[in-house]
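What follows is calculated from the coordinates using simple rules that are stated; it is not laboratory data. All of these numbers come straight from a predicted model, not from anything done at the bench. When we count neighbours, we look across all protein chains shown, and the Cβ atoms used for this are built from the backbone with ideal geometry, even at glycine.
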Amino acid sequence: MKFFADTADVDAIRELNELGLVDGVTTNPSLVKKSGRDIVEVTREICSFIDGPVSAEVIATEAGAMIEEGRKLAEIAPNIAVKVPLTLDGLKACKVLTGEGKMVNVTLCFSANQALLAAKAGATFISPFVGRLDDISLDGMELISEIRQIYDNYGFETQILAASIRSVNHAKAAALIGADVMTAPPAVIKAMAAHPLTDKGLAAFLKDAKEAGLKIL
Ligand code: G3P
């Protein structure tokens, strides 16, 4: 399973990258706004040290304008994945941009049928938003399962990018289902390392090492 960092916070991406836990990055207009930076400038900086796909989202809503914005974003670096919303215009832009050899991430997916359309439009990634479905008392993980089944039924190569991941339990469930990629805030990815028995066991080992006067260096 690939891990993408769902943030435009360059320091947070660098920190996670040093742990070997960043296979790519996803941003959106809200995350860029939070960073307080210019979209092109911050995306360029992320691409300067991340080799995997870096999603940058268009803000136009009409296909022709989305395609122009997508081309401009793709000029930033070869590893840009142009992010387009799951609308008919977005699907049209997806088809054109993937036809030009660009990676496209179709975002704001909330149903299996939407994911099927994105695959047919040649999307590189489909981004089902798990947390936002949970927010309205639906089951985000059920959507990941449905998309996995549909894509496997027909051999679609579009990668399932589980998005709007809010917790370590979301991460585990997405991995069990077989999502190709998970994008999550760095805090969630780091929290996956935590376990009270690890802390307790380490404390006991360190106590014994001290009492025994062990030295390695
Ligand atoms: O990857 C999409 C993500 O940024 C949305 O997350 O928590 O705003 O639903 P959230």
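Scanning the range 35-60 for residues that are under 20 Å from Gly122 (Cβ atoms) and touching a Ser or Thr at 6+ places or on another chain (Cβ under 9 Å) gives Pro53, Val54, Ser55, Ala56, Glu57.
Checked against the criterion of being in contact (Cβ under 8 Å) with a residue 40 or more places away in the chain and at negative phi, the candidates Ala162, Ala174, Ala209, Ala194 yield just one match: Ala174. Quickly run through the range 84-123 and pick out the residues that are of a type in the set (S, T, N, Q), surrounded by fewer than 24 Cβ atoms within 10 Å (Cβ to Cβ) and closer than 17 Å to Asn28 by Cα. Hit for the range 84-123 is Thr87, nothing else.
Does the range 95-115 contain at least one residue that is in contact with a Cys (Cβ under 8 Å, 6 or more places away or on another chain) and over 24 Å from Val40 (Cα atoms)?
The answer is yes, given that some residue of the range 95-115 is in contact with a Cys (Cβ under 8 Å, 6 or more places away or on another chain) and over 24 Å from Val40 (Cα atoms).
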